[in-house]
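The values are calculated or read from the model by the stated rules, or taken from the named source; none is laboratory data. If you're wondering where the values come from, they're calculated on a predicted model, not measured in any experiment. Cβ placement follows ideal geometry from the backbone for every residue including glycine, while neighbour counts extend to all protein chains displayed.
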Amino acid sequence: MNHLNINIIANKLVKAFLNNRFISPIPTKYTRNILNAEKLRKLCEQKINRPVIGFKAGGTGIALLKKLKEKEPFIAAIYKNNLLKNNKNVKINKYTLGIELEVCFLIKKSFFKLKKPVTKKNFKKFISHMAPCIEVIGYRQKKNKIKYLGDLSSDFGANFKFVIGKSIKFKNINFDNLKTVIFNTNETQRVEGNTNTVYINPLNSLRFVLNKIKKENINLKKNFYIFTGSTVGVVPILGKGIYTGKVQALGNVSTKII
């Protein structure tokens, strides 16, 4: 891949991200192959001089991965300006793809001192809190479809805004089969889901992200969030108003779409 060309594309995406604007769709050679998409994402993230508060797992639905012929999800950095408190407003645009309901975890900064590989036995001790979360996803490009997993990965993970519900201290509950639901105020739109659709379950998705962080030698030197993926898929936003998500055993989270 031509380094000059990818740098030009990265600059365009970064400018759109920083100025909340939209560019024409980038060439498919940067999205069709997930490795190329990941190179572009990392280059874009290196150019952003804003605080990173965590990371997301994207493309965690097993059915979606099979459809797109991919083997695993991707990760993307989440910036402080894209994180909102419960009940805050989110202004959407015509390139908004939809809304998702997730489980997020707050991870202790001591994780960055871990010298051993991340395993099923050692990663839970680094989890401080957990909470339900709404993610509104959308592009910085003038397109509104997902053809490749790289479409999402290359465009900052397609994360637009995150809204976090009330956090509770982590306890080792069974995440394999927690019921979830997201609906709007008038109940004209209601989608039910389950935590078992998230790359086996949210804890498995969390471990996947932590392994990626270690592999990429990332160190934020502070506590950070991990957003583990949608339990209800990508739900189209059919109307403006209040959307509420509920995750069994964790609680509720709401946002007003304007």
Open item on the list: Being within 17 Å of THR228 (Cα to Cα), in a strand (DSSP E or B), among the aliphatic types (A, V, I, L, M) and within 18 Å of the chain's Cα centre (by Cα): is that true of LEU97 here?
Closed with: no
TODO: Go through the stretch 17-37 and count every residue that is surrounded by fewer than 18 Cβ atoms within 10 Å (Cβ to Cβ), of a type outside the set (Ser, Thr, Tyr) and touching a residue at least 24 places away in the same chain (Cβ under 8 Å).
DONE: 8
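Conditions (1) crowded, with 24+ Cβ neighbours inside 10 Å; (2) within 30 Å of ASN19 (Cβ to Cβ), marked per residue:
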| position | (1), (2) |
| --- | --- |
| MET130 | yes, no |
| GLU135 | yes, yes |
| LYS169 | no, no |
| ASN172 | no, no |
| THR197 | no, no |
| PRO202 | yes, no |
Open item on the list: Can you tell me which of (1) more than 17 Å from the chain's Cα centre (by Cα); (2) farther than 23 Å from TYR79 by Cα; (3) not aliphatic (A, V, I, L, M) is the one GLU216 doesn't meet?
Closed with: (2)
TODO: Please name all residue pairs, on different chains or six or more residues apart, with Cβ atoms under 8 Å, provided the first residue is in the stretch 111-138 and is in a helix (DSSP H, G or I) and the second residue is of a type in the set (Gly, Ala, Ser).
DONE: PHE126/SER110
Task: Hits in the stretch 148-164 - residues which are surrounded by fewer than 24 Cβ atoms within 10 Å (Cβ to Cβ) and out of contact with any helix residue (DSSP H, G or I) (no Cβ under 8 Å at 6 or more places or on another chain) - done: ILE164
Task: Selection status of ASN49, within 15 Å of the chain's Cα centre (by Cα), free of Cβ contacts under 8 Å to residues at least 40 places away in the same chain and surrounded by fewer than 17 Cβ atoms within 10 Å (Cβ to Cβ) - done: no
TODO: Quick one: which residue in LYS39, LYS66 is within 22 Å of VAL232 (Cβ to Cβ), over 16 Å from the mean Cα position of the chain (by Cα) and part of a helix (DSSP H, G or I)?
DONE: LYS66
Open item on the list: Against the definition (closer than 30 Å to ILE237 by Cα and modelled with pLDDT under 95), how does ASN144 come out, yes or no?
Closed with: yes
